[in-house]
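Trainee: Have a look at this one.
Each reported figure results from applying straightforward, stated rules to the coordinates on display, with no laboratory input. Computed from a predicted structure; not experimentally measured. Because the Cβ atoms are built from the backbone with ideal geometry, glycine has one as well, and the counts that use them run over all protein chains shown.
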Amino acid sequence: MNGMTIIVKTISSWVKVLIFLFGIYIILFGHLTPGGGFAGGVILASSYVLLMLAFGGKSAEENLSLGIASKFDCAGALLFIAVALVGLFYGAASFFYNYLQQDVEAGHETALRLVSAGTIPLSNIAIGLKVGASLFLVILTLSIFRPESPADKKE
Amino acid sequence: MPYALCFLLFVIGLYCAVVKKNMVKIVVGILVMEYAVNLFLIMLGYRWDGIAPIVDREYLTEGNNITNAFLSHAVDPLPQALVLTAIVISLGSLALMISICIRTYEKYGTFDITEIRRLKG
Amino acid sequence: MTVPLPVFVVLPLATAFMLPLFGKKGKSAATLLANLVTIGLVVMAVSTIGQWRTYEVGRWSIPLGINLVLDGLSCLLILAISVVSAAAMLFSTRYMEQYTAKSKYLCLFMLMVTGMNGVVLSGDIFNLFVFLEIASIASYALVGFGCEHEELEASFKYMVLGSIASMFILFGVALVYGNTGTLNMAYISRTISTNGMNMGLTFALGLFIAGFGLKAALVPFHAWLPDAHPSAPAPISAMLSGVLIKALGVYALTRVLFNIFGVTVTLGWIIITLAILSMVCGALLALGQWDFKRLLAYSSISQVGYVVLGLGLGALIIAKEGNTAVASLAILGGLLHLLNHAVYKSLLFLNSGSVEMATGTRQLREMGGLAEKMPYTRATCAIASASIAGVPPFSGFWSKLIIVIAAIQAEYYWIAAVVVGVSVCTLIMYLKAHRYVFLGELPEKLKDVKENKGSMLLAMSILAVLCVAMGLLVLVEPLRAGVLEPAVKVVMQGLDYSVNIIAQK
């Protein structure tokens, strides 16, 4: 896959940062506005798709190699499970319990703020990391591997 | 009445997945079926003159409880959560289907399923 | 030691995501970890025998939250799933050396186990769908694992039909939600028993029978199975045939029909018809096969027909308000056959994998005379074939006998005759397989075939011992009362399932 003209390359190297930032915003505010982990993760992956379209197939792989993306993938899933498991050990609470939940207490109003709603933002971050890494791997593997290279199927 | 149209879309997708001979068209048929089911799920929760089920400052009372005006006007958020999960599942399934299509094309050289028939009996 | 219920789902899931981190150098460490986890699951499954628990996730009480339910039927199936997956994982430590990308295989295997455990434990119908999809997608990828021509074709066929089935199931779930307003299985069953069935719910029931019937490979939905099971690697065939079609298909169908919707006479007859079609078609089609694994796959179809026949007979008798002792006998036969078939069919598939690894072929005409070269494989294959054909005192005899007795006591003599006839067909097909593979004379190119050693032998011997020991499950009173009777009670109580769960909260 070859890249595109120099105008596209210049503009897209600025715009991909904005798209990445937008994805992070969607993930972090997932408990207040529509979006959340999955949608934000898709937007994170699409910033790498823009990189791949504008610069050619190999440059996305040089930017973030397959091995590191695979490690991010596993790390995201393990983080999600860790966040859920801590609830199991927290006193008499159960699995997935929202142990960071704070109600109106000591004069703090914590509803509808960024740091509120307990463990939901942490789960969103873990899911966003996982989905972003997975989609990046899927699109990269499907588009740049050619028949003669010994590629494994990856979901 | 809108539910019948959803069902019609489902049947169109089913027809496409069963009758067509090109592998990619079969995959598209399965996708259309998934869209039809997701659409049906979202329409189940709809309420006439409803508002989006997002709690904002104006719908909270002083004790951080949700006002009755919100509860009587908001559409049902549960089918939306179900649809989000179903979309993620269909994404995973689609990625796997496309990769198998690509691998099969490398091996057999064609997308036509009437020529990919080594397994018989 | 009471194990919290989410551990059955979370432990394989966490393992599945830790395994790719080991990379290429840590392949043996990854395999060791996977084996330890599956053996740990067996220990936990044995420790839950005879319990009845619910678990509310996140301390949200139902119907707002999701709950996990462990009752007798779930207990039986978790036992079957963990035993078969431990044996398959033990077998695949040696067998999968001939494929590349072993760490991805282990990851997908663990995801499949997660999905199956989740289906069996879930108390909420959409949660059941999500875990069913996890297990199905992992199995689509595993069927086409070695990317040869036939495996890709089989995987594509399996995937298309499986996705259509999942869409039917999701459509059914949507219809159920639209008509009852809740997703929790106990509340749905309570709403249906108070309000009755309307057209939407009947249509949803039809969609569920089609969808779960396709996952369970009942005729006429069986078209994917004879291609998918032979093409998969041998331990995956063992898992698919042994537990996947039962956990995703038969268990879900039982739960939905008996506990949520309630059985009627029409429904009982529909299920019996599907079961008898499966038994007869599977057995007849298997007689003409010359590929070892394809023969085993067709025989799977007919054995699943036995299980569904037992359940359908029980459903019919319950719906007609007949003798409940006969109904529970029929259901006991069906569930015992489910457990038996999981053990001996996976043993047969592991045997075929061992033969394939040694000789490199699956065609019966090219094999012969392996009896003195591979004595252990021959012995275990003989035990498994005798079990599946219903020779006393092996385990298969008891379950088939119970089904025949139940059919005779319910005065459906023609059903008993069909069961006996299909058993004779099964005996014929396994005698044919045994004669062509092990007896006869050794062809030229198989002169240096050696017996497989190590973990493959261990896995096969464990399953063979279980084959013989399962007969004790019926005869020995405390085992039967502990393992089988709670499962039968859960199915018999039908719509009272909801009463117990709602009273628990």
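Trainee: Just the number: Rg to Rh for chain B, Cα atoms, Kirkwood Rh, two decimals.
Mentor: Using only Cα positions, Rg/Rh for chain B is 1.21.
Trainee: Could you list A:L53, C:L13, C:L244 in order of exposure, starting from the residue whose Cβ has the fewest other Cβ atoms within 10 Å?
Mentor: Arranged by neighbour count, lowest to highest, A:L53, C:L13, C:L244 become A:L53, C:L13, C:L244.
Trainee: Classify the stretch C:1-80 from the C-alpha gyration tensor, please: rounded if a/c falls under 1.5, else prolate or oblate depending on whether a/b exceeds b/c.
Mentor: Because a/c hits 1.5 or more and a/b fails to exceed b/c, the stretch C:1-80 counts as oblate.
Trainee: Not counting the cut sites, what is the longest span of chain B without GluC sites (Glu not before Pro) that DSSP labels loop and that have at most 15 other Cβ atoms within 10 Å?
Mentor: In chain B, the maximal stretch lacking such sites is B:1-61.
Trainee: Would you mind computing the Rg to Rh ratio of the protein assembly as shown from its alpha-carbon coordinates, Kirkwood style for Rh?
Mentor: The Rg/Rh ratio comes out at 0.97.
Trainee: Considering the zone a paramagnetic label at B:L71 would reach in this model (a point 7 Å from Cα along the Cα-to-Cβ line), which residues of the stretch C:172-193 have amide N under 19 Å from it?
Mentor: So the set is C:181-183.
Trainee: Something else about it: For each of C:D291, C:D227, B:D112, count neighbouring Cβ atoms within 10 Å of the residue's Cβ, then give the residues from fewest to most.
Mentor: B:D112, C:D291, C:D227
Trainee: If you don't mind, there's one more thing I want to ask. Using the count of nearby Cβ atoms within 10 Å as a rough guide to exposure, how do C:W52, C:W398, C:W269 rank from fewest to most?
Mentor: C:W269, C:W52, C:W398
Trainee: Which entries of B:K107/C:K293; C:K246/C:K345; C:K373/C:K453 show an alpha-carbon separation above 20 angstrom in the structure shown?
Mentor: Beyond 20 Å: B:K107/C:K293.
Trainee: Something else now. State, as an integer percentage, the relative contact order of chain C based on alpha-carbon contacts under 8 Å between residues 6 or more apart.
Mentor: Relative CO of chain C lands at 18 percent.
Trainee: Select from the stretch B:1-105 those chymotrypsin sites (Phe, Trp or Tyr not before Pro) which occupy a DSSP coil region and have at most 15 other Cβ atoms within 10 Å, ordered by residue number.
Mentor: B:Y46, B:W48
Trainee: Going from the alpha-carbon gyration tensor of the stretch C:191-257, what semi-axes, largest first and in whole Å, does one get by taking the root of 5 times each eigenvalue?
Mentor: In descending order the semi-axes read 31, 12, 6 Å.
Trainee: If you place +1 on the Cβ of every Lys and Arg, -1 on the Cβ of every Asp and Glu, and leave all else neutral, what size is the dipole of the protein assembly as shown about its Cα centre, to the nearest 20 Debye?
Mentor: 1580 debye
Trainee: To continue, here is another question. What is the mean number of Cβ atoms from other protein chains located within 10 Å of the Cβ atom of each residue in peptide C:157-165, rounded to a whole number?
Mentor: For this peptide, the per-residue mean of nearby foreign Cβ atoms is 5.
Trainee: Report, in deg cm²/dmol and to the nearest 500, the calculated mean residue ellipticity at 222 nm for the protein assembly as shown, where each DSSP H run with n ≥ 4 adds -39500 (n - 2.57) and the sum is divided by the residue count.
Mentor: -22500 deg cm²/dmol
Trainee: Across peptide C:301-309, what mean number of C-beta atoms from other chains lies inside 10 Å of a residue's C-beta?
Mentor: 0
Trainee: A further question on this structure: Quantify how strongly other chains surround peptide C:174-187 by giving the mean number of their Cβ atoms within 10 Å of each of its Cβ atoms.
Mentor: Mean number of neighbouring Cβ atoms from other chains: 3.
Trainee: Mind grabbing the base-10 log of I(q)/I(0) for chain C at q = 0.06, 0.08, 0.10 Å⁻¹? Debye formula, identical points on the C-alpha positions, no solvent, two decimal places.
Mentor: -0.25, -0.45, -0.71
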